[in-house]
Amino acid sequence: MRRLLTELGIATAVLALAPAPMLAAHPLDSATADQIRTYMRDVFDELGIPGGVVVVVDADGTRFAEGFGAAGGDGRAMTPQTPFRIASLSKQLTGLAVRQLIDEERLAFDTRVSDVIPLFGAGNPDAEAITVMDLLTHSAGWSERDGVIALTDTATDEGALERSVLRLGGTPGIGPARPFAYSNASYDALGAVVAAVSGQSFERYLEEQVLAPLDMGHTHLTMPAAVEDGLADGHYPFFGIPLAYDLPFSRATLPSASMIASADDLGHVLTALLADGRYGSGMVLAPGSAVALRTPLVDPFPASGYGWGWWSYPLYEAGVRVVGDVEDHYRAPIILEHSGSLGTFSSEMMLMPEAGLGVVVLANLNDEAAPSRFYQAHIGIASILSGLEPPTLTSYDDPLRQNGKSLMLITIALQLIGVAVASRRLNGWRRSPPATGTAGWRMRHLVLPAVPDVAVPVAFWALLIDSAQVYPVDYLRLVVLAPDIGLAIGLITVLGIGWGIVRTLLTIRAVRPRSGAPAPA
């Protein structure tokens with residue numbers, strides 16, 4: 001299941017509030033805290049992560065909170081209050097906001113999106129029939145690609161979210177009760193529903209009804225506020241080398257993928273969910289609703305559930321054999337978790353209801369080409385908290401994803417060698433034109449070289465489309481979100497198809513008889 005979860009995932013940001021002191025619970029015992037420190041240092045070192053934060057909470061507050069490494073190139077220390085772009089962890093805050101409106105009976109599971117946003121899906125009866133339940137369970141028919149298109153929409157005006165959701169309402173094939181398909185689009189639509197029902201912008205509602213009651217003073221809904229608060233520098237693995245890199249901020253995807261928060265603030269969310277909606281002296285949820293938020297709404301895969309922005313499945317690492325009267329069976333505690341994947345940040349958040357604990361892990365590096373090892377640290381910490389040794393990081397990515405960038409560099413090197421060899425041959429032919437009258441010569445020097453010229457770029461584009469699960473691929477969006485892959489596939493295309501055309505024309509020109517000169521025998 002974790003293998004699937006590492007593939008899910010693609011941006012973040014949230015509004016500055018006055019900082020408040022964290023709730024202090026009884027600290028973890030020193031041996032457990034030291035084991036977590038050692039484990040996370042090893043994880044960050046193994047993955048080459050410049051900096052990160054780990055927080056462990058229970059229903060009373062924070063039990064462990066520590067930063068590792070640096071927050072920026074200026075040497076700023078990483079702290080539990082450092083803001084990160086949390087990508088898909090935005091969905092849990094959106095799900096919480098929806099639950100509040102359901103508790104207040106201002107919204108229901110069977111409320112149609114078109115009932116509160118009249119222009120949504122206008123003219124398409126299937127789209128007009130999509131309900132809140134369809135959105136909460138990713139069952140409205142949107143694909144993964146539908147949900148990432150707006151990640152590079154940099155509009156910051158009040159209408160950015162609504163425009164994006166109205167565009168999504170026109171997607172062919174959408175409708176109620178479709179098969180489960182994880183997509184940011186569903187939670188962006190929920191954000192627009194929250195705004196429409198509350199009569200406020202999504203940001204204002206979240207600020208007043210979620211962030212303020214949870215004392216989330218280092219959570220931001222705009223990029224300027226996050227930068228002013230010391231946003232951690234994100235890092236992109238440019239051909240495996242972590243480099244500071246800024247990805248665009250999208251207000252249009254704020255409910256699903258664009259919030260910015262500190263690990264400490266996310267710990268407040270987990271504390272409230274473990275304390276029946278209470279944080280400090282206030283309530284963010286009606287009594288009993290925290291349990292509802294921890295209950296799956298759909299079971300998209302065997303032994304796993306989903307709802308309210310949370311995956312749920314057994315923590316197999318902590319499973320035990322139970323001796324029964326008739327036969328023995330295996331029992332493992334159920335956890336709720338989600339990861340957030342952005343090209344420059346990786347994030348994980350987990351609830352362990354039976355143990356009464358929650359875990360947040362944030363890091364300022366990711367590798368979306370081969371991401372699986374970046375989303376296992378929270379499972380390792382859960383193992384430690386369960387009295388077990390943490391499992392070693394294991395790659396679940398297929399070999400092409402793991403080695404794709406290296407393969408691209410090797411291909412470019414071979415293409416450059418081919419260009420050099422062909423250029424030298426062409427210079428020789430200009431001085432001494434070869435005999436070109438035979439069909440065999442034309443096949444060897446004009447037809448056969450064109451095969452790899454075309455086949456190699458086409459093969460890489462096919463692999464990219466397959467691994468990205470998007471079609472058609474938007475090259476400009478690719479260059480922004482994955483610059484090294486965009487640069488490499490661009491060069492492969494130019495050195496293949498582009499140079500193939502140029503080489504063919506130069507070959508014809510080099511062997512063409514000169515004016516007034518006899519053709520070569």
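Just so it is clear, none of the values below were taken in a lab; they were calculated from the coordinates. Note that the coordinates shown come from a computational prediction; the quantities given were computed from them, not determined experimentally. Virtual Cβ from ideal backbone geometry, glycine too; neighbours counted across all protein chains shown.
The amide H of residue 275, built 1.01 Å from its N in the peptide plane, has no neighbour under 5 Å, considering only residues 5 or more places off or on other chains.
Counting pairs of alpha carbon atoms under 8 Å apart in space and at least six apart in sequence, what relative contact order in percent does the stretch 399-511 give? Across the stretch 399-511, relative contact order equals 48 percent. Answer rounded, prolate or oblate for the stretch 399-511, using the Cα gyration tensor with square roots of eigenvalues a ≥ b ≥ c: rounded when a/c is under 1.5, else prolate when a/b is larger than b/c, else oblate. Prolate. Only Lys, Arg, Asp and Glu carry charge here, each on its Cβ (+1 for the first two, -1 for the last two); on that basis the chain has a dipole of about 3600 debye about its Cα centre.
Between the stretch 304-336 and the stretch 40-99, how far is it from one alpha carbon centroid to the other, in angstrom? Using only Cα atoms to place each centre, the spacing works out to 27 Å.
The magnitude of the dipole of the stretch 399-511, with charges of +1 and -1 set on the Cβ of Lys/Arg and Asp/Glu and taken from the Cα centre, is near 620 debye. Just one of (1) 31.7; (2) 28.4; (3) 25.2 is mean projected area of the Cα convex hull in nm² as worked out from the coordinates here. Which one is it? Matching entry in (1) 31.7; (2) 28.4; (3) 25.2: (1).
Counting only DSSP beta bridges whose two residues both lie in the chain, roughly 95 percent are antiparallel. Using the Cβ-Cβ distance between residue 501 and residue 301 with R0 set to 51 Å, the FRET efficiency from 1/(1 + (r/R0)^6) comes to roughly 0.60. State the answer as a single residue: which of 407, 426, 479 lies farthest towards the positive end of the charge dipole of the stretch 399-511, with beta carbon charges of +1 for Lys and Arg and -1 for Asp and Glu, about the Cα centre. Final value for the positive-end residue is 426. Sort out for me the Cα centre separation of the stretch 104-138 from the stretch 184-215, rounded to whole Å. Cα centroid of the stretch 104-138 versus Cα centroid of the stretch 184-215: 16 Å apart. Relative contact order, whole percent, for the stretch 121-253 stands at 34, derived from Cα pairs under 8 Å and 6 or more residues apart. Exposure proxy for 441, 429: other Cβ atoms within 10 Å of each Cβ, ordered fewest to most, give 441, 429.
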